[in-house]
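The values are calculated or read from the model by the stated rules, or taken from the named source; none is laboratory data. Quantities reported herein were computed from a predicted structural model and do not represent experimental measurements. Neighbour counts run over all protein chains shown; Cβ positions are idealised from the backbone, glycine included.
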Amino acid sequence: MRAVEAAGAAPGSRLLIYGPGTIGLLAALIAQSDGIEVHLVGRSTGSVAFARSIGLVDAWTVDAVPDQPYDAVIDCTYGLDVPARALSLVEPGGRVVLIGLSGAPSLVDTRDLVLADVTAVGILSGSPGLAHTIEHYADGRVDPRPLVAGTFPLSEVGAALAGSTIPGVGPGPKIHIDPRL
């Protein structure tokens, strides 16, 4: 929620989100529910297919991103190259929101930032956007349930985290652990 709000995208504007993990998918669903044209970028065809299966039809692999203007770009990845790529894709006067962190410093040429009059925003915590997110869930604008691959008892956490094949697991990027099971 905070990333979408920081992007400053209005209904009808075009938002590009890098990263079809849980945070990127939720940001995309929230933005789409607010009337924003959302494009999502993932590295694997499987993650792109999953995004499309939950209604994010403009989902692309990295090599297939349409060459078109974006009013804002959100980076939800740990990709070292993504912040600079985001800056190259956003329209002058637009915004780049960075919520992913790579393991090494990401380099952005500040001349590109200044000459395009782009605002870069870093978001670390989602807690301040929690109430607004819950409103989106409660009124049905966003349904986060398809993102949960499965619910597991504590006894199966190791296998679930290791990626073992467990019956009943769906394609979503998240697992739910229920200690009551």
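I'd like the residue in the range 39-97 that is of a type in the set (A, V, I, L, M, F, W, C) and touching a Gly at 6+ places or on another chain (Cβ under 6 Å) and, out of all such residues, is nearest to GLY24 (Cα to Cα). Can you show your working first?
Within the range 39-97, the first condition is being of a type in the set (A, V, I, L, M, F, W, C), and the residues that meet it are 40-41, 48-51, 54, 56-57, 59-60, 62, 64-65, 72-74, 76, 80, 82, 84, 86-87, 89-90, 96-97.
Now drop any that are not touching a Gly at 6+ places or on another chain (Cβ under 6 Å), which leaves 48, 72, 76.
Values: VAL48: 12, ALA72: 14, CYS76: 5 Å.
Looking at the filtered set, the residue picked out is CYS76.
Is one or more of the residues making up the range 35-44 within 20 Å of HIS136 (Cα to Cα), out of contact with any strand residue (DSSP E or B) (no Cβ under 9 Å at 6 or more places or on another chain) and among the small types (Gly, Ala, Ser)?
Yes, the range 35-44 has at least one match.
Does ASP63 meet the test of being of a type in the set (Asp, Glu), part of a helix (DSSP H, G or I) and under 24 Å from SER44 (Cβ atoms)? Show your work before the answer.
Numbers: of a type in the set (Asp, Glu): yes; part of a helix (DSSP H, G or I): yes; under 24 Å from SER44 (Cβ atoms): yes.
Yes: the conditions hold for ASP63.
Okay, residues lined up against (1) touching a helix residue (DSSP H, G or I) at 6+ places or on another chain (Cβ under 7 Å); (2) closer than 21 Å to ARG85 by Cα:
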position: MET1; (1), (2): yes, no
position: GLY24; (1), (2): no, yes
position: ALA27; (1), (2): yes, yes
position: GLY35; (1), (2): no, no
position: LEU40; (1), (2): yes, yes
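Taking GLU5 as meeting all but one of (1) closer than 21 Å to GLY129 by Cα; (2) in contact with a Lys or Arg (Cβ under 8 Å, 6 or more places away or on another chain); (3) not small (Gly, Ala, Ser), write down the number of the exception.
Status for GLU5: all satisfied but (2).
Might you check whether a residue that is assigned to a loop (DSSP other than H, G, I, E, B) and in contact (Cβ under 8 Å) with a residue 40 or more places away in the chain occurs anywhere in the range 80-96?
From the range 80-96, those assigned to a loop (DSSP other than H, G, I, E, B) are 80-81; that's our starting set.
Then drop every residue that is not in contact (Cβ under 8 Å) with a residue 40 or more places away in the chain, which leaves none.
So far as the range 80-96 goes, no, none of its residues is assigned to a loop (DSSP other than H, G, I, E, B) and in contact (Cβ under 8 Å) with a residue 40 or more places away in the chain.
For the structure I just gave you, tell me whether GLY158 is assigned to a helix (DSSP H, G or I) and over 26 Å from LEU56 (Cα atoms). Walk me through it before giving the result.
Details: assigned to a helix (DSSP H, G or I): yes; over 26 Å from LEU56 (Cα atoms): yes.
Yes.
Counting only residues that are free of Cβ contacts under 8 Å to residues at least 60 places away in the same chain and closer than 26 Å to LEU56 by Cα, how many does the range 162-181 have?
Keep residues of the range 162-181 that are free of Cβ contacts under 8 Å to residues at least 60 places away in the same chain, which gives 162-170, 175-181.
The next check asks that each one be closer than 26 Å to LEU56 by Cα; those that pass are 163, 168-170, 175-176.
Residues that pass the stated criteria total 6.
Here is a list of conditions, (1) over 13 Å from ILE17 (Cβ atoms); (2) modelled with pLDDT of 95 or more, and LEU56 meets all of them except one; can you say which number that is?
Status for LEU56: all satisfied but (1).
Say whether the condition of being surrounded by fewer than 18 Cβ atoms within 10 Å (Cβ to Cβ), more than 17 Å from GLY8 (Cα to Cα) and of a type in the set (Phe, Trp, Tyr) is met by at least one residue in the range 50-68.
yes
Select from the range 47-60 the residues that are part of a loop (DSSP other than H, G, I, E, B) and small (Gly, Ala, Ser) and list them in ascending order. Let's see the steps before the verdict.
From the range 47-60, those part of a loop (DSSP other than H, G, I, E, B) are 54-58; that's our starting set.
The one that is part of a loop (DSSP other than H, G, I, E, B) and small (Gly, Ala, Ser): GLY55.
Which residues, counting only those in the range 17-45, are outside any strand (DSSP E or B) and either of a type in the set (Ser, Thr, Tyr) or on the phi > 0 side of the Ramachandran plot (or both)? Walk me through how you get there before you give the answer.
Our first condition is that a residue be outside any strand (DSSP E or B); within the range 17-45, this holds for 19-36, 43-45.
Result: GLY19, THR22, SER33, GLY35, SER44, THR45.
So HIS39 clears everything in (1) surrounded by 21 or more Cβ atoms within 10 Å (Cβ to Cβ); (2) under 17 Å from ALA6 (Cβ atoms) except one condition, right? Which one?
With (1) surrounded by 21 or more Cβ atoms within 10 Å (Cβ to Cβ); (2) under 17 Å from ALA6 (Cβ atoms) applied to HIS39, the lone miss is (2).
Would a scan of the range 109-128 turn up a residue that is assigned to a helix (DSSP H, G or I), surrounded by 17 or more Cβ atoms within 10 Å (Cβ to Cβ), under 19 Å from the mean Cα position of the chain (by Cα) and without any contact (Cβ under 8 Å) to a residue 40 or more places away in the chain?
Checking the range 109-128: not a single residue is assigned to a helix (DSSP H, G or I), surrounded by 17 or more Cβ atoms within 10 Å (Cβ to Cβ), under 19 Å from the mean Cα position of the chain (by Cα) and without any contact (Cβ under 8 Å) to a residue 40 or more places away in the chain.
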